[in-house]
Structures are given as C-alpha cells and as structure tokens.
Amino acid sequence: MTKDLVNLTVKYSFPKRDLKSSIEIADIESYSNLKLPEDYVYYLENYFGFDQFIGVEFIKLWSLEEIIEANESYNIVNELQQTIGIGSNGSGEFIGIEFDENENIKIILSPFIDLDSKYNIEIGSSFTDFLIRLDNGVDWF
C-alpha cells in the first residue's frame, strides 16, 4: 500500500480493526457489482470507520460493516450507476467512489437528497488522493 495512505492513517489515528468482520470485501463488491480500488480495500480491511476532522473538513468514513446498509438506506447504488457511498461529510452529502466506463475511479461528494450524478463534485482521483487533499487543507464541503 502507498506510504502516503499508511502515514495518514497513523497521523489521524484511524481506529485499527482488531476483529475479523462477518462482512467480506467480496460481499460489498457483489452487492454493488463494482471492484473496489486497492487503497480503499486496504482501509476497509485494516481500519474500523473514521469520524473526525482531516485538515479543515469533518468526514465520516463508513466501516466495512456499514457500507451495504448505508447504501441501501440512502438508495445510492440503485440510483447512481457505477457509484458506491463510502461515507459522509456529517451534513447532507455523501462521499462516494464513482467508476467511469473504463473502470477509472474518482472520489465524489454528492447530496443524499437528489441522487443525480450531475451534482457530483470530484474530490479525489483515488481514495488516497482524497485523504491527501484533505490533509493539505483543500476544502469542498
């Protein structure tokens, strides 16, 4: 995994996962019909959610156990093709991973209320890039 991601998880004291989950990465990929990016899989397998500020922005990243339930509750996967929610800004917007037709990803911020990709704002070109941008003081929320 990238050194940047590991350094950020240490810097912001991401809570380490100490127990094996009953939910597997394969369950999420099957539910969403998407292949999750490697750096995000690393986060899910090694950390248990995240709920605090990085830089000037507050973020809540859902844990492995919350992903399917949250996406079902907000109807994200069903309404936004090629997108899965991974957290929120603690307000009215979710953080998601959006895949294009070539399987390239971008991390997006989008409103929970009107699930339409025209409202998506790109906030990272990867999960790691998203966290680096926050750490560097970039703000979107």
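The values are calculated or read from the model by the stated rules, or taken from the named source; none is laboratory data. Because the structure is a prediction, the values reported are computed rather than measured. All Cβ positions, even for glycine, are placed from backbone atoms using ideal geometry, and neighbour counts span all protein chains on display.
Some notes on this structure:
- Some residue of the range 43-54 being among the hydroxyl-bearing types (Ser, Thr, Tyr) and under 12 Å from residue 131 (Cα atoms): yes
- Lone qualifier among 126, 91 - being crowded, with 19+ Cβ neighbours inside 10 Å and farther than 27 Å from residue 22 by Cβ: 126
- Counting only residues that are touching a helix residue (DSSP H, G or I) at 6+ places or on another chain (Cβ under 7 Å) and in a loop (DSSP other than H, G, I, E, B), the range 94-123 holds 2 of them.
- Of the residues making up the range 78-108, those that are of a type in the set (Val, Ile, Thr) and either in contact with a Phe, Trp or Tyr (Cβ under 7 Å, 6 or more places away or on another chain) or modelled with pLDDT under 95 (or both) are 86, 97, 105, 107.
- Residues that are among the hydroxyl-bearing types (Ser, Thr, Tyr) number at least 3 in the following helices (runs of 4 or more DSSP H) confined to the range 36-82: 38-46.
- Residues of the range 104-115 that are exposed (fewer than 14 other Cβ atoms within 10 Å of the Cβ) and over 17 Å from residue 88 (Cβ atoms): 104 alone.
- Counting residues in the range 32-48 that are of a type in the set (Phe, Trp, Tyr), over 14 Å from the mean Cα position of the chain (by Cα) and under 24 Å from residue 92 (Cα atoms) gives zero.
- Considering 122, 93, 103, 98, the condition of being in contact (Cβ under 8 Å) with a residue 60 or more places away in the chain and of a type in the set (Asp, Glu) is satisfied by 103 alone.
- Here residue 49 fulfils each of the conditions (1) more than 18 Å from residue 4 (Cβ to Cβ); (2) of a type outside the set (Asp, Glu); (3) in contact with a Phe, Trp or Tyr (Cβ under 7 Å, 6 or more places away or on another chain); (4) touching a residue at least 40 places away in the same chain (Cβ under 8 Å) apart from (4).
- Residue 90 satisfies every condition listed in (1) part of a helix (DSSP H, G or I); (2) farther than 18 Å from residue 126 by Cβ; (3) within 16 Å of the chain's Cα centre (by Cα); (4) not aliphatic (A, V, I, L, M) except (1).
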